[in-house]
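Only one structure is covered here, and it is reproduced in the block below.
No lab work stands behind these numbers, since they all come straight from the coordinates. Because the structure is predicted, anything quoted here is derived from the model rather than measured. Cβ placement follows ideal geometry from the backbone for every residue including glycine, while neighbour counts extend to all protein chains displayed.
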Amino acid sequence: MKDEFKALPNIVTPAHPVIFDEAVCTGCNACVENCVMDIFIPNPEKGKPPIILYPDECYYDGLCVYNCPLWRQGAIRLNHPLNQRVRWKRKETGEHFRIGSPNPPPPNNRPPVGGWQAKSG
Amino acid sequence: MPGWNEYVQITGNIPNWPYSVNYGKEHEINCDVLVLGGGIAGCWAAIGAARKGARAVIVEKSVTRTSGAGGSGVDHWHAAVTNPACKISPEEFALAVIEDNHGYRCGISQYITCRESYDCLLELEEMGVKIRDSEDEFKGAEFRDEATKLLFAYDYTAKYCIRVWGSNTKPSLYRECRRLGVQIFDHIMVTSLLNEDGQPGRKVIGATGLHTRTGEFYVFRGKATILCMFLPQRQWIFSTELKGLCTTHRPPNSSGDGHAMAWKAGALFTAVERSRQGTGGPYGYPQYGVGNTWNTWYACTMVDATGKEIPWIDRDGKILKTVSERYRPAPGQKFFLSDMAREYKYRGPTLQPDWRERARKGEYVLPIYADIPSLPPLERKALWGLMIAQEARTLIPIYWTYNQAGFDPDKDMLQYYDGSWMGMGPPQWRDYADGGGLVVDWDLRTSLEGLYAAGGQIFASGDHAYAACTGRYAGRKAAEYAAGVSISELNRRQIEAEKARIYAPVRRKNGMDWKELNAGVCRIMQDYCSELKNEELLNLGLKWLAELEEGEMKTAYARNPHELGRMMEVFNIATVARMIFEGCRARKATNPYLGFIRTDYPQVDPPEWRKWITIRLDGNEVKTGDMPLDYYGDLSKNYAEHAPK
């Protein structure tokens, strides 16, 4: 029983600036190569999501997500720390929600004006 | 979700460093124009130089495709006064900005921006960035110019600021650099400038770099060098515990590297005493991610918990009855300066400024919300569907993430928090703001031959459009210069001294890590270079800084090239701290336009101190000087004489 408990330091927080879906992520490492703070390293096991080595250096600009070929399928999503989750009020019903609500309203899937990759011409 | 902890727990292994490390292994790269920093200014500088036929190189600490303050987007393009719909001239706009800052602006870079901002935008359009409503999504909107299909922000009468689809700006600039044959070196932190004969103060002939994955050493030789790095960000506030490193408005890896290396190379600086009331930093919210009325959110309707509207007022305090009036100059006013004007002459509409005091008396009930659903449909669509989707750090962090969590701008009111997304900090928490930087001439050349500056490197700098314009201009001027000179010989002694300096932390077996050191420097800034300054405080600050440099910093410890890069950043933060202390000592007068209070010299901006205070390093001595506020002379005449052909 004693051996099951390891002496570990505290977890560096916020620990999970992004969340990978292992079922969708192909381990292509596009996020590793586009991160401006270089917080990821490739997973030693090919095909697996990268390891978040420096979560405390995350700049939360979302460029790892935007440059993932499978972001809209959920391979990687930005995960605002608990203290960062903003709240809102639905005007007609008076209901209150927040980012990460246990019972969220349905997602709003409307693309931005001009689409996800707006271009000139 | 593999965080490092989960990986170790699941596999039982600590992962190996994935890149082969070779500290000190040297590479040498030669070019005509060496661009240091690959953000907005740097990419435009390289493009400007390459189009003139120069062999251009970009050295970027991070990833050129995505890095910099404009790396994740831009939603409104400032100072586009030469667009066909605009009602004011470049001279009018530049002089207004200078006057609104009581002369404490750089006329050169300000005027270049006013002249070339719209040209840059048209070039971006050619590179693939969408700048007009060609699909008529906003047909009939009062912020749309029907002839050009451009959409405007802020002042719908003067039309100088253009709403754009800029989230792909950086990849587009990157592609253009590649198309033009610009050589790009990513993950290399530039650590120092090289001077002719290894003598600071002499001509700049290149730079050294550290690869932050492999630890290898780079020597770049350029006929001309352009510093394109950003303003120091981690100078007063440093904490990673609450929201990682997104505690600064601009990228947190902007650690004043360019400032520090140019200082050590002997270049002339000014306005480094400037700072402003800090923000909540670590206690803020995601950027642009709370209900508010500023910047991208201008001019949203705000309501209290009972649905009572907080009115917008004009510059005379008159309540504006319609949303439309919030985007119009006051009667008799030709134009207003976005939402940032100080002076009555240029001030625009604003949310009732004393609403918080009124809330204290019970007039409004907290919490306050941004009532996006009540906005006219095309304003709502422009705010959430266009601007929140395109501004820096918004497309994924706000637009996608909030929408996926169920937020609907047609139905939902986003909460406002005190201090908005930046939070509210104590007065000790300062911000370097758009403060000090390199003194430049009409070629955007610094005081050193061969060294040019753009974007945040120039004193009293500006925003995205400003970085683009000054980068493009400096690139062309540097290329013109480089065409007439030959490459200089390196000084080996200067290179060896730099190698000894930068690799010291990886040769130690233990010591102090970069985070503790960064916070330690910040504490000195908070305690001795804060809101209220005096000679005693500033001298004490320098004493403690020197003690830290000679003590704890000599135990600096890094375990891999990434940590070593961060440690080099902290070394630069300490150097910039020294520069700020010296700049603050040199100005012996209080100056609200520089956010500068000297309690021992309380007279406010007296005539004899209405000038730029300059500092530079000469050997081990700091030389101070001054120059007239309008040292740049006649704007249009000098521009006509100097603008690159």
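In terms of the Cα gyration tensor, with a ≥ b ≥ c the square roots of its eigenvalues, is the stretch B:342-461 rounded because a/c is under 1.5, prolate because a/b exceeds b/c, or oblate?
prolate
Membrane-span-like helices in chain B: DSSP H runs reaching 18 Å or more (Cα, own axis), mean Kyte hydropathy at least 0.0?
Answer set is B:561-586.
Give the order of B:Asp371, B:Asp431, B:Asp257 when sorted by the count of other beta carbons within 10 angstrom, beginning with the fewest.
B:Asp371, B:Asp431, B:Asp257
Would you mind checking which residues have amide H under 5 Å from B:Ile226's amide H? H placed 1.01 Å from N; only 5 or more apart, or other chain.
It is B:Leu34, B:Val35, B:Leu36, B:Tyr452, by chain and number.
Rounded if a/c is under 1.5, else prolate if a/b beats b/c, else oblate: with a ≥ b ≥ c from the C-alpha gyration tensor eigenvalues square-rooted, which is the stretch B:34-184?
oblate
Under a crude label model (7 Å from the Cα following the beta-carbon direction), how far is B:Ser374 from B:Arg559 in nanometres?
The answer from the label model is 5.4 nm.
Would you work out the Kirkwood radius for chain B? I mean one over the mean of 1/r across all pairs of different Cα atoms, in Å.
25.5 Å
Which trypsin sites (Lys or Arg not before Pro) in the stretch B:441-534 sit in a loop by DSSP (not H, G, I, E or B) and have at most 11 other Cβ atoms within 10 Å of their own Cβ?
B:Lys509
Between B:Ile388, B:Phe407, B:Met422, whose Cα lies farthest towards the positive end of the dipole of the stretch B:380-429 when Lys and Arg beta carbons carry +1 and Asp and Glu beta carbons carry -1, centred on the Cα centre?
Sorting the options by dipole projection puts first B:Ile388.
For the protein assembly as shown, with the dipole built from +1 on Lys and Arg beta-carbon atoms and -1 on Asp and Glu ones, taken about the Cα centre, which of B:Ala577, A:Ala23, B:Phe336 lies farthest toward the positive end?
Most positive-ward Cα: A:Ala23.
What FRET efficiency comes out for B:Glu363 versus B:Lys318 if R0 is 30 angstrom and r is the Cβ-Cβ distance? Round to the nearest 0.05.
Step by step, r from the Cβ atoms, then E = 0.95.
Sticking with the crude label model, points 7 Å out along Cα→Cβ, report the distance from A:Lys48 to B:Val485 in nm, one decimal please.
With each label point 7 Å from Cα toward Cβ, the separation is 5.2 nm.
Among B:Leu448, B:Leu564, B:Gly73, whose Cα sits farthest toward the positive end of the charge dipole of chain B (+1 at Cβ of Lys/Arg, -1 at Cβ of Asp/Glu, about the Cα centre)?
B:Leu564
Which distance in nm do the two modelled labels at A:Gln117 and B:Asn30 give, with both placed 7 Å along the Cα-to-Cβ direction?
Output for this residue pair reads 4.0 nm.
Consider all pairwise Cα distances in the stretch B:230-297 and report the whole-number % of them above 21 Å.
In whole percent, the share of Cα-Cα pairs in the stretch B:230-297 beyond 21 Å is 37.
Could you please tell me the mean projected area of the C-alpha convex hull for the stretch B:389-459, averaged over all directions and given in square nanometres to one decimal?
Over all viewing directions, the stretch B:389-459 projects a mean Cα-hull area of 8.4 nm².
Among A:88-94, B:291-297, how do they line up from the highest to the lowest mean number of other beta-carbon atoms within 10 Å?
B:291-297, A:88-94
Please give the length that would be gained between A:Asn103 and A:Cys28 if that part of the chain were fully extended, namely 0.36 nm times their separation in residues minus their C-alpha to C-alpha distance (nm, one decimal).
Result for the pair: 23.7 nm of gain on full extension.
Apply the a/c threshold of 1.5 to the C-alpha gyration tensor of chain A and tell me whether it is rounded, prolate or oblate.
oblate
Extension gain B:Asp626-B:Arg276, at 0.36 nm per residue separation less the Cα-Cα distance, in nm?
Value of the extension gain: 123.8 nm.
Treat the count of other C-beta atoms within 10 Å as a stand-in for reagent exposure and order B:Leu351, B:Leu448 from fewest to most.
In increasing order of surrounding Cβ atoms, one gets B:Leu351, B:Leu448.
Give the Rg/Rh ratio for the stretch B:310-370, taking Rg as the radius of gyration of the Cα atoms and Rh as the Kirkwood radius, to two decimals.
When Rh is taken as the Kirkwood radius, the ratio is 1.02.
In the calculated pair distance distribution of the stretch B:449-532, what percentage of Cα-Cα distances lie above 23 Å?
Beyond 23 Å sits 61 percent of the P(r) for the stretch B:449-532.
Using helices alone, I'd like the mean residue ellipticity at 222 nm for chain B: each DSSP H run of four-plus residues gives -39500 (n - 2.57), total over residue count, nearest 500.
-9000 deg cm²/dmol
Full-extension gain between A:Asp21 and A:Ala7, please, as 0.36 nm times their residue separation minus the C-alpha to C-alpha distance.
Here the segment from A:Asp21 to A:Ala7 would lengthen by 2.1 nm.
If you rank B:Met387, B:Met553, B:Met568 by fewest surrounding Cβ atoms within 10 Å, what's the result?
In order of increasing Cβ crowding within 10 Å: B:Met553, B:Met568, B:Met387.
Sorted from largest down, give the three principal axis spans of the alpha carbons of the stretch B:147-263, whole angstrom values.
Result for the stretch B:147-263: principal-axis Cα extents of 57, 42, 30 Å.
Dipole size in debye (nearest 20) for the protein assembly as shown around its Cα centre, Lys and Arg Cβ +1, Asp and Glu Cβ -1?
460 debye
Tell me, what is the FRET efficiency for B:Gln199 and A:Thr93 to the nearest 0.05, using R0 = 56 angstrom and their Cβ-Cβ distance as r?
My answer for the efficiency is 0.20.
How many partner chain Cβ atoms sit within 10 Å of a residue's Cβ in peptide B:383-395, on average, as a whole number?
The per-residue average across the peptide is 3.
Can you tell me the FRET efficiency between B:Glu549 and B:Tyr344 if r is taken as the Cβ-Cβ distance and R0 is 35 Å, rounded to the nearest 0.05?
0.15
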